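The block underneath contains the structure these notes are about, expressed in structure tokens.
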Amino acid sequence: MVVQLTKGLGGSNKPESVDVKLIAYGYEGGFAALRPVIDKIAITFDIPSYEDQQGIKTFLIGAKEDKALLPASPANGKSNYGWRLLLPIPGSGEHLLLEAGPPTPKNEATKSAPFLRFEFNPAKLGAEGVLYLREWLRDNVLLDQYLWSDIATSGRVTRLDVAVDLLGVRTENLLVSSHVKADGGKPFKRLAYHSLAGQLETLYPHFRKGARAPFCIYDKKQELADTGFEAKYGSLSHVRVEARKQPNRPITTLHKMKNPFLGLTVIDPMGKVDPPETAHAWVFFLDSCRARGVEWALSQLPAEDMRVAYKHAFQEAERNVWRAGKLWDFWPAALLQSGLLP
């Protein structure tokens, strides 16, 4: 069963079909929030036996020479592993990033990193692609000495990106705030990237230099266009919200993870609205809200009656597209459908 959504870019009212099974919730006006998916996962798994480690290295040498595995350069020029290779997953256009053989610590008291690390995108692979990956690892890398159930119960998920797609809203219209608590470290910043035309394309509401941002909100439709891919939902505007976690827990316990989306508020104030003044003044006011916050923007209005009128209009226009609890109700199903569980 599909539903028809019509809220696209550039005022487009062309209906687009979306599978109702993908939708977490929606409301009148052509908006839908899709169910969460696992957009990226990284897993570390130790191989304590020196003989098994050598067997894996021998396989990697042969697979690289045969070009069954392709060399991969570190994204930032650095890697904690001696081997960094890509396995193409048939029919998906995706790869498994396989890393092995961390360097021996200079200090004997320092524990070495786990011998193996895997990174891939379960959402793009689908359950069948993840099954292929699991079987390939078992038959080639793990040498029948270990099973996927060993990885799922003893390995550690060191990176987990959970994504939610918002259809029918535009990135530049959203008011986003993050509730991540200060931890006494370097101060958090708010980082945004705009197009040359001034439209917001990517937002990190909580950013710290040298650390991974806990949230990223970006124009997924524009990202697909920039990388040469077709829009996934036709003319519909398409925003992606990613929660980027470092759970450091086994796959089998991910269902117990706390809801990361509770740390965000996402509001679209561009719904039905009767601006207290001209439409362009309302747009300017919203820009001020995005740059300085709602309370500050209201405080800068010159008269009390104007502040009251603007606040009332804002409250009427405000529609909270972000129902974090409702989204997380679908997390167990997302985990089950990912193919990651043994």
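Within segment 119-137, can you find the residues that are surrounded by 21 or more Cβ atoms within 10 Å (Cβ to Cβ) and part of a strand (DSSP E or B)?
Matches in segment 119-137: Phe120 only.
Tell me which residues, restricted to segment 267-284, are more than 25 Å from Gly26 (Cβ to Cβ), acidic (Asp, Glu) and modelled with pLDDT of 80 or more.
Scanning segment 267-284 gives no hits.
Arg323 fails exactly one of the following numbered conditions: (1) under 19 Å from Arg170 (Cα atoms); (2) outside the structural domain of Leu262 (by TED's automatic domain parsing). What is the number of that condition?
Status for Arg323: all satisfied but (2).
Which ones in segment 235-248 are of a type outside the set (Val, Ile, Thr) and in contact with a Leu (Cβ under 9 Å, 6 or more places away or on another chain)?
Ser235, Leu236, Ser237, His238, Arg240, Ala243, Arg244, Lys245, Gln246, Pro247
Restricting to segment 119-141, name every residue that is out of contact with any Ser or Thr (no Cβ under 8 Å at 6 or more places or on another chain) and in contact (Cβ under 8 Å) with a residue 12 or more places away in the chain.
Glu119, Phe120, Asn121, Glu128, Leu131, Tyr132, Leu133, Arg134, Trp136, Leu137, Asn140, Val141
For Lys221, state whether it is farther than 25 Å from Trp296 by Cα, touching a residue at least 60 places away in the same chain (Cβ under 8 Å) and assigned by TED's automatic domain parsing to the domain that holds His255.
Details: farther than 25 Å from Trp296 by Cα: yes; touching a residue at least 60 places away in the same chain (Cβ under 8 Å): yes; assigned by TED's automatic domain parsing to the domain that holds His255: yes.
Criteria met by Lys221.
The values are calculated or read from the model by the stated rules, or taken from the named source; none is laboratory data. Nothing here was measured: the structure is a model prediction, and the numbers come from that model. Virtual Cβ from ideal backbone geometry, glycine too; neighbours counted across all protein chains shown.
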